[in-house]
Amino acid sequence: GLARAVLLLCLVDVLHAFAVEEKEDVFKSMACPAFLMFDSAAYLAGMTFELPCKCKPKEVSSVVWYFQKDMNTHKTTVLSDFAGTLTVDSGHIRAGSSVLKRFSIRMFSLIVFQAQVTDSGHYLCGTEKGDFFYGYDVDVQPTKNIVVAFVDRGQHVQDDYTEELFSLFTTFWDWTRCDRCGVRGEQRRVGLCYIQSAELNPRYRSAVPNVTSCGSRAVPTHFNCLTPCLEEEVSEEGVQAISNVISKLGEKPWTPRVPTQFHMQPVGSALIIACPGAHPEHAVAWDKDSVQLYRYHYLVSVNKTMRVFIDHGNHLHIRRIRVSDRGTYVCWREGEMVAGFRLSVTHQHRRRRKLNDPETIYAVK
C-alpha cells in the first residue's frame, strides 16, 4: 500500500548514480549529526550505486570513505583517492573483483561499480584522521536464486510472509520502458526483500518508519529472514507470434545499423556477451539476426537445461557453442538498438603427429 509507494521513491535514486550536483549550498545548510546515524540503502547485485557525503565541516576540502562489514569488527577498509587511485572506467571492471578496484570518489560522493553481495556493510564519510561525518548501511541483495514471475502466464509474486515480530514483503521499482522499438518487446520490474518490524535498531534511518531491507544491520540478529521460496509449476510455453525475417539464399547476411564487433569462437566453448553501457536496472533486449530472444523463453532458469540464456544482469550466455550459433547478435538498451556482435564458429582441427615429432619419439621410447 502506501508504505510500498513511498519506498519506491527512495529507490529510484540509483538511476541517477552519475548525476553531478552542486553540493556547496547543501553543506552550508546541513549540520552533521552529533550522534552518527546510518541511512539504509538496498541495491541489486551488479548495479552501480552512489553514496553522497551529505554533510561535512566547511574547512574540510577532501574526504575519505571507510568500509566495515560490521560495527563489531575492527577490520576497516579505507577507500581513498589520496594513494593515486584513478577515476574508474566502469567498462573495464572485472566482475567479482575487490571493492578497492571498483570505486571512485567524485565531488565527495563514493561511487561503487558493479556491486557484489560482499559489498554489503557500513560506509562512513570522514577524514584521513578518522573523524566521521555521515554513514550508510548498504544491503546488496543477490540475484543467484531470484524467482521470476511472468504476468502474461498468469503468475503472481510470492505473498507476504508474516511472523509475530516481523513481516517480509517485496518492494518493486517501476516498470522499465519497453526494451525494443518497432517490434513486440518486454517490460520488467525488479523487487527487493524488505522487512517491517517495531524492533529494528533505531540507529538506522529509512524512508518509512519500522521498515528496512532484509539484509540491513538494523534487523535484530535473532530474526530469521531466510524463508524457502515455494517452487511454482511452470506451465507449458505458449506459441508467440514473432515476426522472423529470414535472408534468402544467395543474399548477404542481415547486418544491424549499429557498431558491430566481430568475434571467432571454437565449437564446444562458452561465451558471455555484455551489452555496452547497460546496467542490471536498464531495459535490455537481445536478438539473434532478426529473431527476438524474449525473456519469456530465454531468461535463466525458465527451464533446467538452458544452453542459451539471459541472466539477471542482462548478459547473454551461450554454453557449448554449436555451428548453428553463428550469426549476428544485437542488443537493445532502453528501447534503442546500440550494438551488434558477429559470431563466427570454428572447428578445432586435430593435427596428425609425424614419426619425427619430439612427442612421438618420447612416446615410442
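Computed quantities for the displayed model
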| read-out | value |
| --- | --- |
| Scan of region 154-184 for residues that are among the basic types (K, R) and open to solvent by less than 40 Å² (accessible area, probe 1.4 Å), ordered by number | R180 |
| Strands (runs of 3 or more DSSP E) enclosed by region 95-151 - at least 2 residues per element that are among the small types (G, A, S) | 121-126 |
| Residue within region 162-181 that is touching a residue at least 24 places away in the same chain (Cβ under 8 Å), touching a Ser or Thr at 6+ places or on another chain (Cβ under 6 Å), closer than 27 Å to D311 by Cα and of a type in the set (D, E, K, R) present | no |
| Sole exception among (1) open to solvent by less than 50 Å² (accessible area, probe 1.4 Å); (2) modelled with pLDDT under 90; (3) closer than 18 Å to R217 by Cα for H74, by number | (1) |
| Members of region 186-207 that are modelled with pLDDT of 90 or more, open to solvent by 20 Å² or more (accessible area, probe 1.4 Å), in contact with a Leu (Cβ under 7 Å, 6 or more places away or on another chain) and not acidic (D, E) | C193 |
| V308, sole failed condition from (1) free of Cβ contacts under 8 Å to residues at least 40 places away in the same chain; (2) in contact with an Asp or Glu (Cβ under 7 Å, 6 or more places away or on another chain) | (2) |
| Unique residue being open to solvent by 20 Å² or more (accessible area, probe 1.4 Å), of a type in the set (S, T, N, Q), free of Cβ contacts under 8 Å to residues at least 60 places away in the same chain and outside the structural domain of Q68 (by the TED database) when the list is N145, N210 | N210 |
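The values are calculated or read from the model by the stated rules, or taken from the named source; none is laboratory data. The structure presented is a predicted model; accordingly, all values stated were derived computationally and were not measured. Using ideal geometry, Cβ is built from the backbone for each residue, glycine included, and neighbour counts are taken over all protein chains shown. Just so you know, the surface numbers come from the protein's heavy atoms only, side chains and all, with ligands and any DNA or RNA stripped out. Shrake-Rupley method; radii C 1.70, N 1.55, O 1.52, S 1.80 Å.
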